[in-house]
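Peer 1: This is the structure I have questions about; it appears just below.
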Amino acid sequence: MVIAFIIIFIMLLGIYAVFVEPWLPPRITRHKVVVSPEALGQKPLQIVVMTDLHACWPWMRPKRITRIVERVNSLEPDLIALLGDYHTALHPPFAKPLASAAAWAQPMRHLKAPLGVFGVLGNHDWLEGGEEAREALEASGVTVLENRAQRVSTRGNSHVWLLGLDDQYGEACQLHGAGRRDDLEVALSQVEDDSAPRILLAHEPDIFLDAKKSVDLTVSGHTHGGQVRLPFIGALTIPSRLDRKYAKGAFEENGSTLIVGSGLGCSGLPIRFLCPPELLLIEIYA
């Protein structure tokens, strides 16, 4: 009797992890980052972060992406950041890739933010060629930052520097060019002043070990929060050179903050457990 109960319980957990949690509407996780304490009395810069769509049938089809875009717009952010891995990481028999990058990028046309929509590419985008993802994003009004810094005016005479890092796992994408594609120093060299806050968009969080010396905030995805998390244990493993403690959440080191999102889609297997799809809403006081 006990064994039968255990088997049924495990089966129910499996059904939930495959057919319920991956399909949930994204939860909104809020973070507050204080760069300048004197700015606490002012209206913060609000950034909504989307990462790891992994668009495919049936898990992340265009209709679902459209609903996510509508949810993002409902938050009325000042700026929207897309952190890469738009292409699927699931393959038959678990999923079917969309016909083209345009299929997942078209809903992005409707993203609305007064300071703009910015994006970087991820390792799975480069596994599919990279150029197609970049062109699809740009055609949808997204500014793609590849080892580049962009000055973004906020209020009055204030501004921040938004830096976008190219993919750090280029060595895994040999079919489309060898070696890593990221170059933090090139992006930093384009920052024209030292007084304004620096916000780094990087698909993988690994760069934080170097970036924390030079930027105020690093925002990343890639880990999916571990995708499967167990009570009291957390993520079993993450696809990163960093420790599992960096799987998701906010971390402050050396006066710099790292925020890692759990993402929206699935990788490897269409499974999420105690790690539902997530959008980040980051309030920056700078």
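Peer 1: Name the single residue that is surrounded by the most Cβ atoms within 10 Å (Cβ to Cβ) among those in the range 78-106 being farther than 23 Å from residue 227 by Cβ and touching a Leu at 6+ places or on another chain (Cβ under 7 Å).
Peer 2: Ranking the candidates gives 105 first.
Peer 1: Next up: Restricting to the range 26-37, count the residues that are loosely packed, with under 11 Cβ neighbours inside 10 Å and farther than 20 Å from residue 251 by Cβ.
Peer 2: Counting residues in the range 26-37 that are loosely packed, with under 11 Cβ neighbours inside 10 Å and farther than 20 Å from residue 251 by Cβ gives 0.
Peer 1: Given the criterion at positive phi, modelled with pLDDT of 95 or more and in contact with a helix residue (DSSP H, G or I) (Cβ under 9 Å, 6 or more places away or on another chain), identify the matching residue among 226, 164, 221, 177.
Peer 2: After ruling out the rest, the residue left standing is 226.
Peer 1: Here are some conditions: (1) over 15 Å from the mean Cα position of the chain (by Cα); (2) assigned to a strand (DSSP E or B). Residue 80 meets all but one. Which one does it not meet?
Peer 2: Unmet condition: (1).
Peer 1: Do the conditions hold for residue 202, that is, is it of a type outside the set (Lys, Arg) and under 20 Å from residue 87 (Cβ atoms)?
Peer 2: Against the criterion (of a type outside the set (Lys, Arg) and under 20 Å from residue 87 (Cβ atoms)), residue 202 qualifies.
Peer 1: Evaluate the range 11-25: report whether one residue or more is crowded, with 18+ Cβ neighbours inside 10 Å, under 14 Å from residue 281 (Cα atoms) and within 22 Å of the chain's Cα centre (by Cα).
Peer 2: Checking the range 11-25: not a single residue is crowded, with 18+ Cβ neighbours inside 10 Å, under 14 Å from residue 281 (Cα atoms) and within 22 Å of the chain's Cα centre (by Cα).
Peer 1: Across the range 26-37, what is the number of residues that are part of a strand (DSSP E or B) and either more than 11 Å from residue 281 (Cβ to Cβ) or among the aromatic types (Phe, Trp, Tyr) (or both)?
Peer 2: Qualifying residue count, the range 26-37: 2.
Peer 1: Let me ask another. Within the set of pairs 6+ apart or on separate chains, which have a first residue in the range 75-96 that is modelled with pLDDT under 95, a second that is among the aliphatic types (A, V, I, L, M) and part of a loop (DSSP other than H, G, I, E, B), and C-beta atoms under 8 Å apart?
Peer 2: Filtered contacts from the range 75-96: 88/95; 88/98; 90/269; 94/269.
Peer 1: Next up: Select from the range 38-56 the residues that are of a type outside the set (D, E, K, R) and over 13 Å from residue 283 (Cα atoms) and write down the one among them that is surrounded by the most Cβ atoms within 10 Å (Cβ to Cβ).
Peer 2: This residue is 51.
Peer 1: What do you reckon, is residue 273 touching a residue at least 60 places away in the same chain (Cβ under 8 Å) and surrounded by fewer than 24 Cβ atoms within 10 Å (Cβ to Cβ)?
Peer 2: In short, yes.
Peer 1: Looking at (1) out of contact with any helix residue (DSSP H, G or I) (no Cβ under 8 Å at 6 or more places or on another chain); (2) of a type outside the set (Gly, Ala, Ser); (3) at pLDDT 95 or above; (4) part of a loop (DSSP other than H, G, I, E, B), which is the only condition residue 193 fails?
Peer 2: It fails just one condition, (3).
Peer 1: Let me ask something additional. For the range 57-76, how many residues are outside any helix (DSSP H, G or I) and either surrounded by fewer than 24 Cβ atoms within 10 Å (Cβ to Cβ) or over 17 Å from the mean Cα position of the chain (by Cα) (or both)?
Peer 2: Number of matching residues: 6.
Peer 1: Could you list all residues from the range 107-136 that are surrounded by 17 or more Cβ atoms within 10 Å (Cβ to Cβ), assigned to a helix (DSSP H, G or I) and not aliphatic (A, V, I, L, M)?
Peer 2: 107, 123, 124, 125, 126, 134
Peer 1: Which residues, taken from the range 22-65, are at pLDDT 95 or above and of a type in the set (D, E, K, R)?
Peer 2: 27, 30, 32, 52, 61, 63, 64
Peer 1: A follow-up question, please. Being in a loop (DSSP other than H, G, I, E, B) and of a type in the set (S, T, N, Q) is the filter here; which residues of the range 251-286 pass it?
Peer 2: Within the range 251-286, 254, 262 meet the criteria.
Peer 1: Take the range 86-124 and flag every residue that is of a type in the set (Phe, Trp, Tyr) and out of contact with any strand residue (DSSP E or B) (no Cβ under 7 Å at 6 or more places or on another chain).
Peer 2: 94, the sole residue that qualifies.
Peer 1: Also: From the list 243, 210, 216, which residue is at pLDDT below 95 and over 24 Å from residue 74 (Cβ atoms)?
Peer 2: It is 243.
Matching residues to (1) assigned to a strand (DSSP E or B); (2) without any contact (Cβ under 8 Å) to a residue 24 or more places away in the chain; (3) more than 22 Å from residue 150 (Cβ to Cβ):
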{"position": "210", "(1), (2), (3)": "no, no, no"}
{"position": "225", "(1), (2), (3)": "no, no, yes"}
{"position": "232", "(1), (2), (3)": "no, yes, yes"}
{"position": "241", "(1), (2), (3)": "no, no, yes"}
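The values are calculated or read from the model by the stated rules, or taken from the named source; none is laboratory data. Just so it is clear, the model here is predicted, and its values are computed rather than measured. Neighbour counts are summed over all protein chains in view; Cβ atoms, including those assigned to glycine, are modelled from backbone coordinates with ideal geometry.
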